[in-house]
Amino acid sequence: MSDCLVIDGLCKRYSEIVVADQVALSLARGECLGVVGPNGAGKSSLFNLITGVAVPDAGSIRLEGRELVGLRADARARLGVARAFQIPQPFAHLNAYENALAAATFAARLPRAQAARQAWAVLERTGLADRADVPAGRLPLLDRKRLELAKGLAARPHLLLLDEIAGGLTEAEVQVLVALVLELKQDVAMIWIEHIAQALMAVADRIMVLNFGRKLLEDTPAAAMASREVREVYMGVGDEDTLQESTHAAA
């Protein structure tokens with residue numbers, strides 16, 4: 001299986017604050033890499049560097065063999081980088097279909113008829129077809145999360161970045177979202193930043209732990225969540241019982 005995304009030697013600092021310190025990773029289509037770490041670990045900065053919101057000081061980001069460093073954010077979107085945010089950011093006055101259509105038209109650059117077909121297809125796939133005419137600002141939170149995913153898919157991505165998209169949902173809603181992400185995972189390479197352990201345990205093939213911009217480890221979900229680094233850095237605990245409780249909840 002060839003790698004869709006290859007990141008090597010990625011570095012970024014703001015004055016004395018290091019947000020990426022020689023970060024390296026590779027990811028194939030159909031794989032999900034979970035990313036965990038405390039606040040300020042560099043998780044969102046990693047996404048900003050991949051999408052072009054921030055410019056690295058050093059390193060390489062290659063998507064399907066194409067170097068992204070030096071390209072603008074809009075060019076990266078057209079090459080297949082899509083991001084779904086923790087706080088949904090739809091065009092609130094447009095309905096769900098129009099939001100998906102905008103992504104298909106302006107991110108994927110599809111012709112009108114093809115963009116319309118793509119928009120309907122992603123609404124059906126994300127369970128929003130019956131809400132196509134509802135203004136995005138009136139959708140309940142779970143549906144706004146689904147719309148974030150639909151917009152990302154409408155752009156026809158190779159790489160889908162999920163930025164704490166389970167945040168704010170009930171336990172039952174998280175399960176619905178996880179089932180959807182699992183289904184979408186087969187078509188893209190996926191990186192998921194998430195604080196909800198059971199979501200990552202259900203979807204991720206590997207979990208990477210970041211702290212102060214440096215990768216501490218990358219391993220299977222079970223091994224990563226059982227590691228001392230996760231207990232001490234991510235969960236903020238060193239107690240075996242607390243870890244077992246968190247891992248049991250994630251099973």
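May I ask you to list the residues in the stretch 1-35 that are under 14 Å from residue 213 (Cβ atoms) and of a type in the set (A, V, I, L, M, F, W, C)? Walk me through it before giving the result.
To start, the set of residues in the stretch 1-35 that are under 14 Å from residue 213 (Cβ atoms) comprises 7, 9-25, 35.
Hits for the stretch 1-35 are 7, 10, 11, 17, 18, 19, 20, 23, 24, 25, 35.
Taking the stretch 67-97 as the range and being farther than 30 Å from residue 57 by Cβ, crowded, with 18+ Cβ neighbours inside 10 Å and either at pLDDT below 95 or out of contact with any Leu (no Cβ under 8 Å at 6 or more places or on another chain) (or both) as the test, the residues that pass are 88, 90, 95. Note on the stretch 200-246: residues that are assigned to a helix (DSSP H, G or I), at pLDDT 75 or above and of a type in the set (Gly, Ala, Ser) total 4.
Quick one: is residue 126 buried (at least 19 other Cβ atoms within 10 Å of the Cβ) and more than 13 Å from the chain's Cα centre (by Cα)? Answer is yes for this residue. Would you call residue 25 part of a helix (DSSP H, G or I), buried (at least 17 other Cβ atoms within 10 Å of the Cβ), in contact with a strand residue (DSSP E or B) (Cβ under 7 Å, 6 or more places away or on another chain) and aliphatic (A, V, I, L, M)? The answer is no for residue 25. Report whether or not residue 107 is under 21 Å from the mean Cα position of the chain (by Cα) and farther than 30 Å from residue 41 by Cα. When the stated conditions are applied, residue 107 does not pass them.
Can you confirm whether residue 131 is farther than 26 Å from residue 4 by Cα and touching a helix residue (DSSP H, G or I) at 6+ places or on another chain (Cβ under 6 Å)? Answer is yes for this residue. Applying a threshold of 8 Å to beta carbon distances and a minimum spacing of six or more residues, or different chains, the list of pairs starting in the stretch 91-117 at a residue that is touching a residue at least 40 places away in the same chain (Cβ under 8 Å) and ending at one that is among the β-branched types (Val, Ile, Thr) and part of a helix (DSSP H, G or I) reads 100/122; 104/122. When residue 126 is tested against (1) over 10 Å from residue 150 (Cβ atoms); (2) at pLDDT 95 or above, only condition (1) is not met. When the residues of the stretch 40-66 are filtered to those that are crowded, with 22+ Cβ neighbours inside 10 Å and among the aliphatic types (A, V, I, L, M), the one that is nearest to residue 16 (Cα to Cα) is 41.
The values are calculated or read from the model by the stated rules, or taken from the named source; none is laboratory data. Note that the coordinates shown come from a computational prediction; the quantities given were computed from them, not determined experimentally. With ideal geometry, Cβ positions are generated from the backbone for all residues, glycine too; neighbour counts draw on all protein chains shown.
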